[in-house]
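Here's the structure, in structure tokens; my notes come after.
The values are calculated or read from the model by the stated rules, or taken from the named source; none is laboratory data. Every value quoted in this text rests on a predicted model; they were computed, and no experiment measured them. Methodologically, a virtual Cβ is constructed for each residue, glycine included, from the backbone with ideal geometry; neighbour enumeration extends over all protein chains shown. Quick note on the areas: whole protein, heavy atoms, side chains included, nothing else; ligands and nucleic acids left out. Shrake-Rupley method; radii C 1.70, N 1.55, O 1.52, S 1.80 Å.
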Amino acid sequence: MNALLASWRNEVEKLWLRKRTKAVLALAILVPVVLTLGISSLGRMMGLTAALGGQVSIITLNLLTGFLLPLYLFISAADLFPGETAARTMKLTLVRPVTRAKLFAAKALALCSAAAAILAAAGVTSAVCGLLTFSSSSMLEWTDNLIAYAVSVVPMAVLSLIAVWIAMFFSNSAAALGSMIVVFAAAKLLPILFPAIAIWSPFAYTDWYASWMGNGAGIGKLLQSFFILLAYSMMAYVSSVTRFERKSF
């Protein structure tokens, strides 16, 4: 456990030292601030401040889970695996007293932790902006927003594991990243052409938070979607760690 924790801290530090991590974190904080200022100004002119105020959190979350976080996770997964392989730093990492399985787990956990931290930063900023500017919003609305940000960690974690699984097939970060983007774009377009397959696509759950808000979906549907995501995460993790243990660096 100590080896896993030490490796996780090391991988988190690697991610934090990357400029893109700080850039995405800064965007997660700035977007709700800018939206709040814009909506507040527009609301004063049109008298819709209270009505539009509650949308800041959701617009921010939609932007994060629909575009920014997936792209960040793809780039980071490509960097942590094929990127380190190409740079020949993976060999140095494997010299440490930690098994390959634990090293892989540390890298995967670091990706999930980064996604959770970015969502938390955006959620807290959105809540503070809302409390300071749109004080008329109801407690139910704030609770819905809190739940929305919390549950969004699940599909982002699944997305990160799928990104890692794709990365395992490459030794070059550019090729891995390109493949992830193509797969993500295709997976987003397919349900438009074939709506019936949407329920089985893990990429269709980037807006899973919508099912938890307000009346939302029933407990049965929520459990069904959760187990679908859990199944994909387990398959991606087991397949990826197996390839990682057998891979020659």
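Residue by residue, segment 172-181 carries 3J(HN,Hα) couplings of 10, 5, 5, 5, 5, 4, x, 5, 4, 5 Hz when phi is fed to the Karplus relation 6.51 cos²θ - 1.76 cosθ + 1.60 (θ = phi - 60°); x denotes Gly or Pro.
Taking only C-alpha pairs under 8 Å that are 6+ residues apart, what is the relative contact order of the chain in percent?
On the way: 286 pairs, mean separation 67.3, N = 249.
The value is 27 percent.
Candidate cross-link partners of LYS14 among the aspartates and glutamates, defined by an alpha-carbon separation under 15 Å and a same-chain spacing of 8 or more, comprise ASP79, GLU84. For the set ARG9, ARG18, ARG246, the ranking by accessible area, highest first and with no ligand, DNA or RNA atoms included, is ARG246, ARG9, ARG18 under a 1.4 Å probe. So what's the gap between the Cα centers of segment 58-132 and segment 186-249, to the nearest angstrom? The two parts, judged by their Cα centres, are 18 Å apart. Of the three principal axes defined by the Cα atoms of the chain, the extents in descending order read 63, 41, 33 Å.
A helix-only calculation puts the chain at -24500 deg cm²/dmol for mean residue ellipticity at 222 nm, using -39500 (n - 2.57) for each DSSP H run of at least four residues, averaged over all residues.
Of all the options MET168, MET90, MET180, the one that moves most in a Gaussian network model of the chain with Cα springs shorter than 10 angstrom is MET90.
Calculated FRET efficiency, ASN2 and LEU193, Cβ-Cβ r, R0 41 Å, to nearest 0.05? If you can, show how the numbers build up before the last one.
On the way: r = 50 Å, r/R0 = 1.21.
Computed FRET efficiency for ASN2 and LEU193: 0.25.
Ranked by the mean number of other Cβ atoms within 10 Å of their residues, highest first, the peptides 190-198, 91-99, 56-64, 74-82 fall in the order 74-82, 56-64, 91-99, 190-198. Of all the accessible heavy-atom surface of the chain, with the other protein chains kept in place and a 1.4 Å probe, what percent is carbon and sulfur? Solvent-exposed carbon and sulfur of the chain make up 72 percent of the total.
Summing charges over neighbours of ALA26, with a neighbour being any other residue whose Cβ is under 11 Å away from its Cβ, gives +3 when K and R count +1 and D and E count -1. With 0.36 nm allotted per residue and the present C-alpha distance subtracted, the TRP200-LEU17 stretch has 62.3 nm of extension available.
Pairs LYS22/LYS91; LYS19/LYS107; LYS102/LYS247; LYS107/LYS247; LYS22/LYS107: which are spaced more than 22 Å apart, C-alpha to C-alpha?
In this structure, LYS22/LYS91 lie more than 22 Å apart at Cα.
Here the 3J(HN,Hα) profile of segment 6-16, calculated from phi with Karplus coefficients 6.51, -1.76 and 1.60 at θ = phi - 60°, is 5, 5, 4, 4, 5, 5, 5, 5, 4, 5, 5 Hz, Gly and Pro shown as x.
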